[in-house]
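These notes are about the structure you will find just below.
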Amino acid sequence: YGGNTCNSEYEFLSGNTMAFLPTGSKPYQQYIDSPQTALPSILKSYGYHCVAVHPGNRDAWQRMDAYPHLGFDEFVDATIFDVRRTFEHRLTSDYSCYEQVIYEYERWRRTPLFIFNVTIQNHGGYEDPNYRTRVRVSGAAGQWPQAEQYLSLTKSSDEALEYLLDYFEARPDPVVILFFGDHWP
């Protein structure tokens, strides 16, 4: 089920495929130890300010070392969020991540900006007995607790995404919002 988030990030940010690296490679930990040509470094050469946001541990996958080599000017992790963090499923909520994205947008509004935001709210497992589900499997409520927990988290993510899109739709500046997933479910 896991996709090794760092590998998906590496492929997206660098444009390089994992297919050319040895099986089991973790590029951030093994190969990104000097400046690289990547989306952030390219955008930076065009005058963009590049911010990476990850609401978890900055040491995970050695992002704190890899991100500057990829061209990021800043790395905002869980310890330095500028907005109040809320939690969903014991992890920083998507809503909080989007609040941080909006904060960065407003902070750098007069500068071309690239924000790379990784959310973690819906990381499994889905067996948290203290998580209050809001979605029930029709005709079988309570019989599929993992599905109900996953679907409840997805509903929460949908609501947070609606908040983010509504915010940017109301802005006069053109903004591109791109999403990709790195593992299931």
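The values are calculated or read from the model by the stated rules, or taken from the named source; none is laboratory data. Because the structure is predicted, anything quoted here is derived from the model rather than measured. Cβ sites come from the backbone with ideal geometry, for glycine too, and all protein chains shown count toward neighbours. Ligands, DNA and RNA are excluded from the accessible area calculation, which covers all protein heavy atoms including side chains. Shrake-Rupley method; radii C 1.70, N 1.55, O 1.52, S 1.80 Å.
Taking residues in segment 86-113 that are within 22 Å of P145 (Cα to Cα) and open to solvent by less than 10 Å² (accessible area, probe 1.4 Å), and partners anywhere that are basic (K, R) and modelled with pLDDT of 95 or more, the pairs with Cβ atoms closer than 8 Å and at least 6 places apart or on different chains are T92/R85; S93/R85. Condition test on G24, is it open to solvent by less than 80 Å² (accessible area, probe 1.4 Å) and out of contact with any strand residue (DSSP E or B) (no Cβ under 9 Å at 6 or more places or on another chain)? In short, yes. Scanning segment 149-182 for residues that are assigned to a loop (DSSP other than H, G, I, E, B), at pLDDT below 95 and either of a type in the set (F, W, Y) or touching a helix residue (DSSP H, G or I) at 6+ places or on another chain (Cβ under 7 Å) (or both) turns up F179, F180, D182. Scanning segment 50-59 for residues that are surrounded by fewer than 19 Cβ atoms within 10 Å (Cβ to Cβ) and either in contact (Cβ under 8 Å) with a residue 40 or more places away in the chain or over 13 Å from T5 (Cβ atoms) (or both) yields G56, R58, D59. Of the numbered criteria (1) within 18 Å of T5 (Cβ to Cβ); (2) open to solvent by less than 50 Å² (accessible area, probe 1.4 Å); (3) not charged (D, E, K, R), the one V83 fails is (1).
Condition first: among the small types (G, A, S) and not in a loop (DSSP other than H, G, I, E, B). Now tell me which residues in segment 101-147 satisfy that.
First pass over segment 101-147, keeping only residues among the small types (G, A, S): 124-125, 138-142, 147.
Once the filter is applied, which keeps residues that are among the small types (G, A, S) and not in a loop (DSSP other than H, G, I, E, B), segment 101-147 yields only A147.
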